[in-house]
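Everything below concerns the one structure shown next.
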Amino acid sequence: MTLEEKIGQLSMAEGSGHGTTRGVQSAIRQGNLGSLFNVHGSGIVRELQRLAIEETRLAIPLLFGLDVLHGHRTIFPIPLAEAAAFDPTLWEATARAAAAEASRDGIMLTFAPMLDLARDPRWGRIAESPGEDPLVGSRFAAAKVRGFQGRSLSDPTSLAATAKHIGAYGAVTAGREYASSDLSERTLLELHLPAFKAAADAGVAAVMAAFTDIAGVPAHANVTLLREILRRAWGFDGVVISDYGAVAELVPRGVAADLAEAAALALTAGVDIDMMGNAYRRGLPGALARGLVGLEAVDAAVMRVLRLKERLGLFDEPYRGLSRDAPADDGPGRGLAREAARRSIVLLTNDGVLPLPRGLRRIAVVGPLAAAARPMLGPWAAIGDGTAATTIADGLRQALPDCVVDVSGGVSIAGSDTNGIADACRIAETADVVVLCLGEDETMSGEAGSRAHPELPGAQRTLAEVMLDLGKPVIALIASGRPLIVPWLVERASAVLATWFLGHEAGHAIADVLIGAANPSGRLPVSWPRDVGQIPIFYAERPTGRPEIAANRFTSKYLDMPATPQFPFGHGLSYCRFVLSGLRSTTTEIRRGQHLEIAVDVTNEGPVAGEETVLFFIHDPVASVARPLLELKDFAKIRLMPGERGTVTFNLTSEAFIFPGRSLAPVLEVGEIELFVGKSADRDSLLRTSIRVIVAQDRLAGQLVSARPDPV
Ligand code: GLC
């Protein structure tokens, strides 16, 4: 291979859906391009692949990538919504279905799953994330990699998955997109990296670096992150892909004087493919000539890219997947999309108005999201057809054929015009119940979707308050890519549901839940703030020396509002009442390497069948490093008929109590560990027991012997 051909394999260019620029086609012919993204469809993919195979010296097949995050043609709930299902089987199934659809369109690489954990709903990409918890993120990562990649990458229905964006992108300053991330190494290790480690352990084929820096060292130039941790410590041998133009952006990020330095820094750190930056093509020759990087680094990167193409079977079958007939758009995906959407809905409050009673005569469906179709797909909707989404109004009409369903937008999603509120009043006044459809559109979250005020946009609050003032039952649905700050709505509405962006089957799934055809089971994967002033807000806080005491000013709290979230991580109501009891452990002591079993009974106190999610937390009250007040260590679901009692069991080993010690090396320390089981991170509501770790490393060894004088 010539140097130009080698650099070509390390360069990825963007197409434009069903087409590409002439520049791209000539670059392919010259062997200067190894992969494309945002090009899909059997016709164009077959033609471009033919160019690479038949009109280049080396006939190396192209990689075709696309952001298939939550569906390809059939769109499923956004990742933050799907995380609310707390169900790895579901997460894997929707990825598998998306892979089958995308591979038919010639895609063989998806830039998913996105695994950046987020504690800040101002950041728009929280919508793409599995939420705030590293265990949920890890289970989500492994399930998505299994789903996208299937049993083998050479299977033509599989996609190579990309764990993105390593690391700590979700920690951007003030939730502002592309800003700097400044955090402790401990937070990086304990919060932001576990999901990527889980993806690596699941065999993810690629990793994408984050636009951002970690305390001043950009991910794309971060040898510690990409070589020491990702490749050496975790054994990842796949391909690292840059984010869009991010190698070239090392110059404005202040660590490279020119493209040659940027290219050398990225290649040295281990970035194999330069996406849309031309930094490798324009910078590497100069970098090599100036001795900033050696040819062996180029060769190593080229080998990893060629190995990925070989694992995908492209050298044997460059037109993989294209030969299969695409099913009709309403293929099996729509059924799964409806089930996934039902299970992603979180019932936040309910004064008993839900499920809607039978025999309703008239309902008013009001608000800018009532008849909105495209917003239901949310951000990153691949090639999903927005017009094919079932709207909330249509879903209710189909679910309630004998009921009059009046619809009025009232206001637009983001506009200030309130003239439409009069029409909304007109239909609400004659209705038995008002279904208020509020929230964001699909552009207000996702990439470049940061919002300093994560509240209802435009004049929606004005509309909502007029509806609430009518004195009728108001069911508020919040369609959004993030928790929205609506304490006034929570206070006054009869019921509030987080419906996120649920995909093509949004309307049907919402109607299923409102009429009781589906019993809501979603649980919040993020803490829901009362106010932007509380952000960042998350459940796994470290203890303070002055826990809040209402009557004592000098304790940890705000003067002007509670410090607790509007709704805690794990919150979610059901149409039945689950009671947890009888928490028990098979042992009260544990040694390093031993197992233990935690069990709790769950009773469905009726009146309908339902699914409960049980969370298992620990807290180490005394350790060499202060440990979070709660750490999620497992979760499980149980389905029970009315009146039925079941048992949920968690099996764990002493590994569950290991944490990064003062030197950040993993430690297991002797002492008591508190064990909690319950429905959410509301500590006061949890069942509690404890065990003792009796054989392990002494907590005080090596850190107090010198610091603490001998006891007198
Ligand atoms: C974007 C996103 C990344 C995506 C890529 C290709 O800038 O940061 O998540 O995969 O470009 O679309």
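The values are calculated or read from the model by the stated rules, or taken from the named source; none is laboratory data. The model shown is predicted, which means the values in this text are computed figures rather than measured ones. Glycine also receives a Cβ, built like all others from the backbone with ideal geometry; neighbour counts cover every protein chain displayed. These accessible areas exclude ligands, DNA and RNA; they are computed on the full protein's heavy atoms, side chains included. Shrake-Rupley method; radii C 1.70, N 1.55, O 1.52, S 1.80 Å.
Things worth noting here:
- Å² per residue, accessible surface of the stretch 101-227 at 1.4 Å: 23
- Per residue solvent-accessible surface (Å²) - the stretch 251-291, probe of 1.4 Å: 37
- Projected label distance in nm at ASN651 and THR689, using a 7 Å step from Cα toward the beta-carbon: 1.7
- Per residue, the solvent-accessible area of the stretch 573-712 (1.4 Å probe, heavy atoms of protein chains only, all protein chains present) comes to 48 Å².
- Between the listed residues GLY378, THR418, GLN398, the Cα displaced farthest toward the positive end of the dipole of the stretch 355-424, a dipole computed from Cβ unit charges relative to the Cα centre, is found at GLN398.
- For the stretch 491-650, the Rg and Dmax computed from alpha carbons only, in angstrom: 19.2, 52
- Ordered from highest to lowest accessible area with the whole protein assembly present and a 1.4 Å probe, TYR575, TYR169, TYR178 read as TYR178, TYR575, TYR169.
- If you take the Cα centroid of the stretch 229-273 and the Cα centroid of the stretch 385-438, the two points sit 49 Å apart.
- Taking only protein heavy atoms and a 1.4 Å probe, the accessible area of the stretch 398-466 is 49% carbon and sulfur.
- Our estimate of slack between GLU541 and SER412, defined as 0.36 nm per intervening residue step minus the Cα-Cα distance, is 42.6 nm.
- Gyration tensor analysis over the Cα atoms of the stretch 1-108 returns equivalent ellipsoid semi-axes of 32, 13, 11 Å (largest first, whole Å).
- Dipole size of the chain about its Cα centre, with +1 on Lys/Arg Cβ and -1 on Asp/Glu Cβ: approximately 700 debye, rounded to the nearest 20.
- Dividing the convex hull volume of the alpha-carbon atoms in the stretch 557-692 by its residue count gives 116 Å³ per residue.
- Among PRO529, ALA540, SER585 the positive-end extreme of the charge dipole of the chain (Cβ point charges): SER585
- R0 of 41 Å, Cβ-Cβ distance LEU3-LEU183: FRET efficiency to nearest 0.05: 0.60
- Counting only Cα atoms, the size of the stretch 146-195 along its three principal axes is 42, 23, 11 Å, in decreasing order.
- The helix-based estimate of mean residue ellipticity at 222 nm for the chain, built from -39,500 (n - 2.57) per DSSP H run of four or more residues and divided by its residue count, is -7000 deg cm²/dmol to the nearest 500.
- Neighbour count of at most 16 Cβ within 10 Å plus DSSP loop: longest trypsin sites (Lys or Arg not before Pro)-free window in the chain: 362-552
- The alpha-carbon of LYS6 sits under 29 angstrom from the alpha-carbons of these lysines, leaving out residues fewer than 8 places away in its chain: LYS164, LYS309.
- Table column - 3J(HN,Hα) (Hz), the stretch 223-228, Karplus curve with 6.51, -1.76, 1.60, x for Gly and Pro: 4, 4, 5, 8, 9, 5
- Counted over all Cα-Cα pairs of the stretch 87-234, pairs farther apart than 20 Å make up 45 percent.
- Relative contact order for the chain, counting Cα pairs under 8 Å that sit 6 or more residues apart, in percent: 12
- Label-point separation, VAL223 to ILE658 (7 Å along Cα→Cβ), nm: 2.8
- Viscosity 0.692 mPa s, 37 °C: Kirkwood-radius Stokes-Einstein D of the stretch 231-390 over Cα pairs, µm²/s: 155
- Coupling constants for the stretch 530-540 follow from the phi torsions by the Karplus curve (6.51 cos²θ - 1.76 cosθ + 1.60, θ = phi - 60°), and in residue order they are 7, 7, 4, x, 7, 6, x, 10, 7, 7, 7 Hz; glycine and proline get x.
- Dipole orientation for the chain: of the candidates MET1, GLY606, ALA102, MET1 has the Cα lying most toward the positive pole (charges on Cβ; Lys, Arg +1; Asp, Glu -1).
- Antiparallel bridge percentage (DSSP; both residues within the chain; nearest 5): 50
- Pairs from LYS557/LYS637; LYS197/LYS557; LYS144/LYS637 whose Cα-Cα separation, in the structure shown, is over 26 Å: LYS557/LYS637; LYS197/LYS557
- Working from label points 7 Å from Cα in the Cα-to-Cβ sense, the VAL608 to ALA636 distance is 2.6 nm.
- Accessible surface of the stretch 473-587, 1.4 Å probe, proportion on carbon and sulfur as whole %: 54
- Binned Cα-Cα distance frequencies in the chain - 20 Å width, integer %: 17, 48, 30, 5, 0
- Taking every Cα-Cα distance in the stretch 355-458 and sorting them into 5 Å bins from zero, the calculated P(r) comes out as 2, 12, 20, 20, 18, 14, 9, 4, 1, 0 percent.
- If the segment from GLU674 to VAL353 were pulled out straight at 0.36 nm per residue, it would be longer than the present Cα-Cα gap by 111.7 nm.
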